[in-house]
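Q: Sharing a structure below in structure tokens format, with a few things to ask.
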Amino acid sequence: MRSLPVVHLLKALVLMLCGLPMAATAAAGQYPQTPQGQAFIRTMVENFGFEASRVESLLGDARRNETILESISRPAEKTLDWQSYRKIFIRPERIAQGQEFMAAHADALARAEQDYGVPPEIVTAIIGVETWYGRYMGKYRVLDALATLAFDYPPRSRFFRSELEQYLLMTREQGLDPLALKGSYAGAMGYGQFISSSYRHYAVDFDGDGLADILANPVDAIGSVANYFSAHRWQPGEPVADPLDADLVAGSRLLTRGLKPSLQVADFRQAGLPVPESLSPDLPARALRLQAEDENEHELWLTYRNFYVITRYNHSHLYAMAVYQLAEALKSGDDGV
Ligand SMILES: [Ca+2]
């Protein structure tokens with residue numbers, strides 16, 4: 001627990017001398033005094049039984065962070081093309097370290113596949129893309145990230161106010177100090193970078209020590225990522241994606257919008273595309289056209305339900321393709337380059 005800086009004590013003293021109510025003196029930061037901050041405190045007290053002074057003091061400790069506001073407006077998934085994005089993740093070191101992770105946690109990964117039906121290389125690839133297998137779990141205080149986005153980022157303030165709510169609930173349930181946890185600029189935590197609501201819904205105790213600890217325990221993290229995939233309807237044994245040796249013209253009716261596969265394998269077969277023969281005709285499918293290495297060319301992929309499930313983790317085709325290709329490289333032992 002960090003001590004109250006002297007400047008805060010002085011401010012508190014000045015406010016007290018001015019005869020302001022104690023509510024204003026309890027916190028030195030900006031958020032408790034704002035109308036949104038006040039409303040948030042009321043919600044936590046009325047809906048979840050928190051003490052007002054406790055929430056006020058936490059919000060008072062939260063710091064607005066400009067870097068967080070800059071980062072949220074330009075995520076890599078939206079600013080990079082596929083080839084640049086791919087090079088971040090599909091590289092020999094990330095593949096080699098992923099194989100080490102798989103070897104070190106082979107038992108937990110096998111158990112996760114048994115319990116949830118999600119293959120070891122998919123769980124490992126998620127953890128590899130998210131945090132480089134737990135090496136980089138984020139440098140921002142989760143409280144600062146969530147308060148900054150909840151109160152100073154209007155486009156998504158409703159979502160992040162809810163995540164801040166979930167964060168205070170989660171840390172109370174898990175007996176964690178809300179001032180201590182670090183994570184991404186969006187407040188995602190641990191090996192698999194779960195946001196607070198996902199932590200509460202999907203984190204599991206996978207080593208049986210009574211705690212669902214995805215922050216420091218790789219076994220719990222493995223079970224939790226697999227549980228997340230299973231809850232989002234991962235289909236054991238179904239394919240994820242296939243490259244097609246073909247192209248489609250921009251505007252083709254086979255290039256559907258949205259992330260969900262809204263056509264079926266049969267639609268692509270009927271159009272004469274070289275779809276793998278093993279695929280069932282009624283398997284939901286979607287064509288995905290990505291930038292090829294030669295920038296005048298495109299790669300054409302057919303993606304299926306399990307590819308869509310990967311986008312439930314991060315709503316991006318590029319993200320899902322990076323996870324899939326890293327997983328394939330982990331499985332094959334190929335260095336991917
Ligand atoms: Ca545990």
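Q: Around Ile41, what is the net charge, scoring Lys/Arg as +1 and Asp/Glu as -1 over all other residues with Cβ under 14 Å from its Cβ?
A: -2
Q: How about the range 200-308: which trypsin sites (Lys or Arg not before Pro) there are in a DSSP loop, with at most 16 other Cβ atoms within 10 Å of their Cβ? It would help to have the intermediate numbers written out before the result.
A: Numbers: sites: Arg200, Arg233, Arg253, Arg257, Arg269, Arg286, Arg289, Arg305; in loops: Arg233, Arg253, Arg257.
In loop regions of the range 200-308 (DSSP not H, G, I, E or B), the sparsely surrounded trypsin sites (Lys or Arg not before Pro) are Arg233, Arg253, Arg257.
Q: What is the fewest-to-most order of Ile90, Ile68, Ile126, Ile222 by other Cβ atoms lying within 10 Å of their Cβ?
A: Least to most surrounded, the residues fall as Ile90, Ile68, Ile126, Ile222.
Q: Moving on. For the chain, just the Cα atoms, rotate onto the principal axes and tell me the three extents in Å, largest first.
A: Cα spread of the chain along its principal axes, largest to smallest: 80, 46, 35 Å.
Q: Eight or more residues apart or on different chains, and alpha-carbon atoms under 25 Å: count the Lys pairs in the chain matching that. Walk me through the numbers on the way to the answer.
A: Values: Lys78/Lys87; Lys78/Lys139; Lys78/Lys182; Lys78/Lys260; Lys87/Lys139; Lys87/Lys331; Lys139/Lys182.
For the chain, qualifying lysine pairs total 7.
Q: At a Förster radius of 22 Å, what calculated FRET efficiency corresponds to the Cβ-Cβ distance of Glu277 and Ala246, to the nearest 0.05?
A: According to the calculation, E is roughly 0.90.
Q: Also, I was wondering about something else. Between Thr34, Thr311, Thr303, find the one with the highest GNM mean-square fluctuation for the chain; connect C-alpha pairs within less than 10 Å.
A: Thr34
Q: Let me ask something additional. For the chain, modelled as a GNM with alpha-carbon contacts under 10 angstrom, which of Met170, Met137, Met44 fluctuates the most?
A: Answer for the Gaussian network model of the chain: Met44.
Readers should treat all values here as calculations from the given coordinates under stated rules, not as data from a laboratory. Just so it is clear, the model here is predicted, and its values are computed rather than measured. Note: ideal-geometry Cβ built from the backbone for every residue, glycine included; neighbour counts use all protein chains shown.
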